[in-house]
Each structure stands twice: as C-alpha cells, then as structure tokens.
Amino acid sequence: MGSKMNKKIKLMQIMPEFGLAGAEIMAENLSIALEDDGFDVNVVSLYDYHSAITERLENQNIKVIYLDKKKGFDIKVIFSLYKLFKKEKPEIIHTHRYILPYAMIAAIAAKVPTKVHTIHNIASKETGKFQRKINYFFFKYCGVVPVAISPLVKKSVIREYNFSEEKVPMVYNGIDLAKCIEKKAYNDENKKISILHVGRFSEQKNHSELIENFKIICNEMPNITLKLIGSGHLEKTVKDKVKDLGLENNVEFLGTKANVFPYLNDADIFILPSLWEGMPITLIEAMATGLPIVATNVGGVPDMIEHRVTGLLVNNKREEIVEAVLELIRDSELRNKLGESAKVASKKFSVTNMKAEYVKIYHKTF
C-alpha cells in the first residue's frame, strides 16, 4: 500500500443511515480523519435520511451518497450498490451495523479488493440469528475482515463465529478530543446537581429502570435534575413513566442534539445504565469532558472505566445504581477525583489512534 499512497486511495464508508448515535458518529470521525490523511472518502447512506452528521461530512467536502432504500428487505439496494462500486471503483469498503448482505454481495460481484466490517456491539446483539449466519459466510469465505471495538466485543465475535484471535482485529472507537469542553470546576454540595444521560430511547439503554431509580434518588435528594438527550421508539413510554411517578419537575427531555458537548460540560454526573453495550462513544465524550460517571458493568464499558479510579461501575441492580449516584451527589471531592482521572484516561480513545489502527488493517488486506 505504501507505494500507492502517493495517489489517493478511494474508500467508501457504508451505513444504513446517519442518525445521531454512536456507530454513526464513529464512522463520521473516521471518515474525516482518513480524508485529512490523504484518502479519498465517500460515505454511503442506504436511506435518504439527512442529519447533522451528513451535514458535517458535506461541510468537510466528503461526498454523501443516498440510495433511497425502502423499509424492510430491499433487493434493489444490492443493484444500486453494485452500480455504484463499478462506477466509483473503491479500493476499500468499510461497512457498519446490519448491512453486510447488501454491501458484500455487491462488493464481491464488483470485485472490490478490501472489505472491512466494524462490529459495534456484542456479536449476538448486532443482528438477528439468520443474518449472523450470512455474516459468518462473508467473514469465513469472502475475505471480509470483522473488526471488534473492544476486548469484550472481540471475545463475543470469536465465540459467536468460532474464529481465532488473529481473525478478529480490535480497534477502540475514537473521537476528536479537541471538541470536548473540559470541565474546569466541580459543583459543591449546596448547589442543584444535574445528571445527564445521552442515548436513543431503546431497550438497550434502559431508560425505564433509570427513571425508577431516579425516583428513589429524588426521595433522598429532591434538589436534582435528570436531563435526557436522545429520541426513539420508547420515548413516549418513558415520558408517561415520568408523569406517573410525579417527576415532571425533575426530569428534562432535551431531544436529539447535534452538539452534545455544552450539555456534557454543564452536567455534574453522567449516567449510563445500559443493559448491553459495545463501546459507547458517548462514554468517551463524558470521560474527555471530565465528568464523574456511573455506568453498568456491561460489554466494553469495563474496558473503558476502572472502578473508583475513572468512574463507578455498577451491576444492573437498583440498589447499586442508586447508591453510586447518591455517593457522587454527596461527595464533591469524589466527583472531582473521578472526573479528572477520566479526562486523562480518555486520551487513548482519540480519533488519531483509531485512524492509525484502521489504516493498518486496510494495509494488511489491500
């Protein structure tokens, strides 16, 4: 690849759509970093869905191609991708989330040389059982490289697909750390404490349990707020629960935000009570801001947070989550210590590191 680096290598990042979520932000960060590093990057969205991410990509002179996919299985997308690959002749395609059956059939037919797929979640949760069988075929027989985003995700891929360690490279997600607005001061005990959660309203993110836990916390400490950034199909259910528990004055629904960094900087505590995770981008953003964190000990989270050093890791049990949050509310020194340590630990999750590792993977398969 070195001799070819004089000419720009054409790479396509392919995603179902660019909603404001972790995998999509990771693909945005990587695309911009690769473009700056001399790659010619195009981004493909299967759906005709425009967002703050696609706007930011276009502002960085990265071309975004929309394929106008219909809901459900849409075989026409395979033909659209095949035509696109034949026309644009990418040397590398890099796929994300559930789109392997679309992208890889087209890529194999169009003879795309390098095919990489990032697995953003525990392997058994990434897609349904039938699609995992299809994924296995592409990984095993078609030269598609499965990349895990954390050590635990890597273990889950090895177990799910019965692969060797060498078959599954691992690359931590990375963000542009310079975008974070670092906390310079930590709230004292006498001020109103603000807790922040960022994530789509889905079963994985466990909002319903979060609200029930927050009710108990409010009974002990009424002078607190919980701010929720995100949207999703469970949003109304969660709003109803807030109303039923009489928490309307304590819980704020902020919707999706193109720029979460001011909200992170403004918060006192970050909470992530997920039922499962890969390697949440939002957790890196909270760490790099310098927020004290309470997070469930699931997926790739313990690879990011060291208990009582860079945050509080809890099991998904009501009393543990409630106790951890109450401890942080009561102890401003602990908030300060964990926040400062998290800031330092976030440095290994930089977009620069992520880009360098992916370039090595492209290089090996090119």
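The values are calculated or read from the model by the stated rules, or taken from the named source; none is laboratory data. These numbers come from a predicted model, not from an experiment. Reconstructed Cβ throughout: ideal geometry from the backbone, glycine too, with neighbour counts over all protein chains shown. Side chains included, ligands, DNA and RNA excluded: accessible areas come from the protein's heavy atoms. Shrake-Rupley method; radii C 1.70, N 1.55, O 1.52, S 1.80 Å.
Side notes on the structure shown:
- In this structure the chain gives 43 Å² per residue of accessible area when probed at 1.4 Å with all protein chains present.
- Heavy-atom accessible surface of region 214-366: percent carbon and sulfur, 1.4 Å: 50 percent
- Surface composition of region 98-171: carbon and sulfur atoms hold 58% of the protein heavy-atom accessible area at a 1.4 Å probe.
- Estimated FRET transfer efficiency when R0 is 22 angstrom, pair Lys155-Ile181 (beta carbons, to 0.05): 0.05
- Estimated [θ] at 222 nm from DSSP helical runs (n ≥ 4, -39500 (n - 2.57)) normalised by residues in the chain, nearest 500: -13000 deg cm²/dmol
- Globularity ratio of region 243-344, using Cα Rg and 2.2 N^0.38 Å: 1.06
- Value of Rg to Rh for the chain (Rh from inverse mean 1/r over Cα pairs, i.e. Kirkwood): 0.99
- Loop-located trypsin sites (Lys or Arg not before Pro) in region 121-191, at most 11 other Cβ atoms within 10 Å (DSSP): Lys184, Lys191
- Region 16-138 - Debye-derived log10 I(q)/I(0), Cα point model, q = 0.09 Å⁻¹: -0.24
- Here the contact order of region 1-156, divided by its residue count and restricted to Cα pairs under 8 Å and six or more residues apart, works out to 21 percent.
- When Met15, Met170 are compared by accessible area of protein heavy atoms, the largest-first order is Met170, Met15, using a 1.4 Å probe.
- Label point distance in nm, Asn265-Ile65, each placed 7 Å from Cα along Cα→Cβ: 3.8 nm
- At least 24 Å along the helix axis (C-alpha) and Kyte average at least -0.5, DSSP helices within the chain: none
- Translational diffusion of region 91-149 was estimated from the Stokes-Einstein equation, with Rh taken as the Kirkwood radius over Cα pairs; at 20 °C and 1.002 mPa s the coefficient is 188 µm²/s.
- Listed by chain and number, the lysines placed with their C-alpha closer than 20 angstrom to that of Lys89 are Lys4, Lys7, Lys8, Lys10, Lys63, Lys76, Lys111, Lys115, Lys364; residues fewer than eight positions away on the same chain are left out.
- Isotropically averaged projected area of region 90-201, using the convex hull of Cα atoms (one quarter of hull area), nm²: 10.6 nm²
- For region 118-242, the relative contact order comes to 20 percent (Cα pairs under 8 Å, sequence separation of at least 6).
- Distance between modelled label sites at Asn316 and Phe137, nm, 7 Å Cα→Cβ extension: 3.2 nm
- Across region 180-265, Cα-Cα pairs farther apart than 17 Å form 49% of the total.
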